[in-house]
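Report on one structure; see the data block that follows.
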Amino acid sequence: MGKTLYDKLWESHLVEARDDGTALIYIDRQLLHEVTSPQAFEGLRLAGRQPWRISANIAVPDHNVSTKANERAQGLAGVADQVSRIQLQTLDDNCAEYQIPEIPLNDIRQGIVHVMGPEQGATLPGMTIVCGDSHTSTHGAMAALAHGIGTSEVEHVMATGCLIQRKMKNLRVTVEGVLPAGVTGKDIALAIVGEIGTAGGTGSAIEFAGSAIRDLTMEGRMTLCNMAIEAGARAGLVAVDERTLQYVAQTPFAPRDSQWEQAEAYWRTLHSDADAVFDREVLLDAAKIQPQVTWGTSPEMVAAVSGRVPRLEDMATDTARQGLERALTYMGLEPGMSITDIRPDVIFIGSCTNSRIEDMRAAAAVLKGKRVAANITQALVVPGSGLVKQQAEAEGLDQVFKDAGMEWREPGCSMCLAMNADKLEPGQRCASTSNRNFEGRQGFGGRTHLVSPAMAAAAAVAGHFTDVRDVMEGGL
Amino acid sequence: MKVFQRLDGLVAPMDRANVDTDLIIPKQFLKSIRRTGFGPNLFDELRYLDEGQPDSDCSGRPLNEEFPLNFPRYQGASILLARENFGCGSSREHAPWALDGAGFRAIIAPSFADIFRSNCFKNGLLPIALDTKRVDQLFTQMYETEGFRLVIDLEQQLIEIPNGETIPFETDDFGRNCLLKGLDDIGITLQQANVIRDFERQHQARFPWVFETLEV
Ligand code: SF4
């Protein structure tokens, strides 16, 4: 019987299978950021341990950083919140003490950890990758086995080079056909979460397959794998193809010369065998996917832009009805209303889901020559890394955003989770390109609608959610 | 992790049922970047009359003189005597960190919440479940005798009472073994260090590029 891509990655990193069903898995790369690493470093220190392999690690500050240019210019001193500043300082101190490579705050390569990793080639195909952050699934776009872990596990990996894991199940989501114009990786991700639910992938690694996935750019695949966790899966995967190899080849930490040849030959084997058997298969028709907008407080509460918020009578059970009522009360929406009648106050284009250069281009293409609608009180564009920012500026995209009346910020997690000063006010409604619409995620009482960058830009121009294709075709 | 074999310790009471982890260590302290330093904030809401803030000095705060753990006779205690379902609520590992930071090494109660119990073993704390009647007796003896101490012998799984009596108790083998040897998850994995190193050598031969140093 053939092997799945996940089986192959698992087997090539299996140090030891134990009687109790757990296994020791070798970890090739650990990414560190300021929020979930301090207790792990302290644990090492208290136990008098050293990192198992320093070269496995790379760190970058991202969650707490200010995205305002004038504050960033002052370095750590420009971080107003003391708790945030101490966390950032602690990352610097720990990395210095243990000689862990760190990309510092104002380095051009600094960015959201899941944008920086692939961009630098710090995360490569075939690797096992962990980070104290659930969106580590992003790196699976390069056929790496990547997932988020807790702080105790961060310490475990740091000290032992290994993680204790149970093997997951194999789930394949195949999307065949051609996506309609204006429909992106983000819409596929949201459509999948809508289809299988936020627990649909629990206990599984999801491999995304099919012609629509192969047609996605690497950025699009990262967006998709990023949200595997929103479908309950700790890992998402896409097989290696020419596009993967081309992307990796231009990264700074990619292997060179004879090592490249050796690596490439191996990477070309990173796909599921034709006769591999999956525990579960889900099939989607790409042609039927429309631009998506979430209306509730869970990513599975999603509809096509042409659709409506559900009615109470659409719900099969009392629990579902109560869930819907609670979500709609929090979101300030009426049952049955059209998605296009929802009017955001804030636009957020950024986060590890959608802050890569392709995302910037997609949003700018919609906004070019247009202005943000009068009801939009704030519109933030936060590139995922210094390099994305530089590239966007070289292409003049920053000017498009500024001309439209938007703020062009410095890289970081920003309003994705509102750990820095970029937050929603209670009751504010946001069209956001991030990945979670939980209550309070973008600020206490804030209301989040997840969309693609193009859809966020379209909502910015229209002042309400609207099909991006209408805006693009000169409808506004 | 600290080794736990035999403990001769002063006993202090936490005389209420269903003590949850938020009571053990309130949520505002979770912002900390540390896993130590929670000791002064153990049972913060009960121990002090004002509201505790992370990183603030507790030495000048008004103490709740009616809270038993503040009584002079219980200072320096390392065994906490508690009631049923101790450690329920959120899974925060900060709860055992706070107990450990305040000097406790063992907790005796009729029952414990699951996650808290396993978090204790991970952090060198011994949770001992005894039947309710036994716990009642211990409470009585402790209240009657100032300076009431117990000796806990983990190897033998026995508690020795000052009057010479012993109380047997049970722990799971894995947890006991970890405590006796001072092994945490990491310590256990590191017992396999040679296996990991052998694997690593083969892995490096196959995938040398993975082992290149990242020059930032
Ligand atoms: S951008 Fe958001 S989801 Fe991504 S790492 Fe930062 S906080 Fe987490």
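The values are calculated or read from the model by the stated rules, or taken from the named source; none is laboratory data. Bear in mind that the values here come from a model prediction, so they are computed numbers and not experimental data. Here the Cβ positions follow ideal geometry from the backbone for every residue, glycine too, while neighbour counts run over all protein chains shown. With ligands, DNA and RNA removed, areas are computed over all heavy atoms of the protein, side chains included. Shrake-Rupley method; radii C 1.70, N 1.55, O 1.52, S 1.80 Å.
Take the residues of the stretch A:43-52 that are surrounded by fewer than 19 Cβ atoms within 10 Å (Cβ to Cβ) and facing chain B (nearest Cβ under 8 Å): which is modelled with the highest pLDDT?
Only one residue tops the list, namely A:Arg49.
Just give me the residues in the stretch A:420-441 being over 21 Å from A:Asp62 (Cβ atoms) and either surrounded by fewer than 24 Cβ atoms within 10 Å (Cβ to Cβ) or near the ligand (Cβ under 10 Å from one of its atoms) (or both), in sequence order. Don't jump to the end; show me each part of the working.
Of all residues in the stretch A:420-441, those over 21 Å from A:Asp62 (Cβ atoms) come to A:425-429, A:431, A:439.
Matches in the stretch A:420-441: A:Glu425, A:Pro426, A:Gly427, A:Gln428, A:Arg429, A:Glu439.
Please state which one of A:Gln74, A:Gln89 is more than 9 Å from every other protein chain (Cβ to nearest Cβ) and either closer than 22 Å to B:Arg34 by Cα or within 16 Å of the ligand (Cβ to nearest atom) (or both).
Numbers: A:Gln74 fails: either closer than 22 Å to B:Arg34 by Cα or within 16 Å of the ligand (Cβ to nearest atom) (or both).
From the options A:Gln74, A:Gln89, the qualifying one is A:Gln89.
Can you find a residue that is touching a Phe, Trp or Tyr at 6+ places or on another chain (Cβ under 8 Å) and open to solvent by 10 Å² or more (accessible area, probe 1.4 Å) anywhere in the stretch A:133-142? Show your work before the answer.
The first filter runs over the stretch A:133-142 and keeps only residues touching a Phe, Trp or Tyr at 6+ places or on another chain (Cβ under 8 Å), leaving A:142.
Still in the running and open to solvent by 10 Å² or more (accessible area, probe 1.4 Å): none.
No, that holds for no residue.
All but one of (1) more than 16 Å from the ligand (Cβ to nearest atom); (2) crowded, with 22+ Cβ neighbours inside 10 Å; (3) over 25 Å from A:Gly232 (Cβ atoms); (4) modelled with pLDDT of 95 or more hold for A:Arg409, so report the exception by its number.
With respect to (1) more than 16 Å from the ligand (Cβ to nearest atom); (2) crowded, with 22+ Cβ neighbours inside 10 Å; (3) over 25 Å from A:Gly232 (Cβ atoms); (4) modelled with pLDDT of 95 or more, A:Arg409 is out only on (1).
Which one of the conditions (1) part of a loop (DSSP other than H, G, I, E, B); (2) crowded, with 16+ Cβ neighbours inside 10 Å does A:Pro252 fail to meet, given that it meets all the rest?
(2)
Pick from the stretch A:131-160 the residues that are under 26 Å from A:Glu264 (Cβ atoms) and among the polar types (S, T, N, Q): which of them is farthest from the ligand (Cβ to nearest atom)?
Our first condition is that a residue be under 26 Å from A:Glu264 (Cβ atoms); within the stretch A:131-160, this holds for A:131, A:136-147.
Checking the rest, the ones that are also among the polar types (S, T, N, Q) come to A:136-138.
Values: A:Thr136: 9, A:Ser137: 10, A:Thr138: 8 Å.
Filtering first and then ranking leaves A:Ser137.
Given the options A:Val83, A:Val79, A:Val35, name the one that is within 15 Å of the ligand (Cβ to nearest atom) and either within 11 Å of chain B (Cβ to nearest Cβ) or farther than 20 Å from B:Ile196 by Cβ (or both).
A:Val35
Can you find a residue in the stretch A:117-127 that is more than 15 Å from the ligand (Cβ to nearest atom) and open to solvent by 20 Å² or more (accessible area, probe 1.4 Å)?
Looking for residues that are more than 15 Å from the ligand (Cβ to nearest atom) and open to solvent by 20 Å² or more (accessible area, probe 1.4 Å), one finds none in the stretch A:117-127, hence no.
Does A:Val366 fit the bill of being hydrophobic (A, V, I, L, M, F, W, C), open to solvent by 10 Å² or more (accessible area, probe 1.4 Å) and away from the ligand (no atom under 16 Å from the Cβ)? Don't jump to the end; show me each part of the working.
Values: hydrophobic (A, V, I, L, M, F, W, C): yes; open to solvent by 10 Å² or more (accessible area, probe 1.4 Å): no; away from the ligand (no atom under 16 Å from the Cβ): yes.
No, not satisfied.
One line per residue, one yes/no per condition, for (1) in contact with a Cys (Cβ under 8 Å, 6 or more places away or on another chain); (2) open to solvent by 10 Å² or more (accessible area, probe 1.4 Å); (3) modelled with pLDDT of 95 or more:
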{"residue": "A:Ala392", "(1), (2), (3)": "no, no, yes"}
{"residue": "A:Ala418", "(1), (2), (3)": "no, yes, no"}
{"residue": "A:Gly443", "(1), (2), (3)": "no, no, no"}
{"residue": "A:Pro453", "(1), (2), (3)": "no, no, yes"}
{"residue": "A:Ala459", "(1), (2), (3)": "no, no, yes"}
{"residue": "A:Gly463", "(1), (2), (3)": "no, no, yes"}
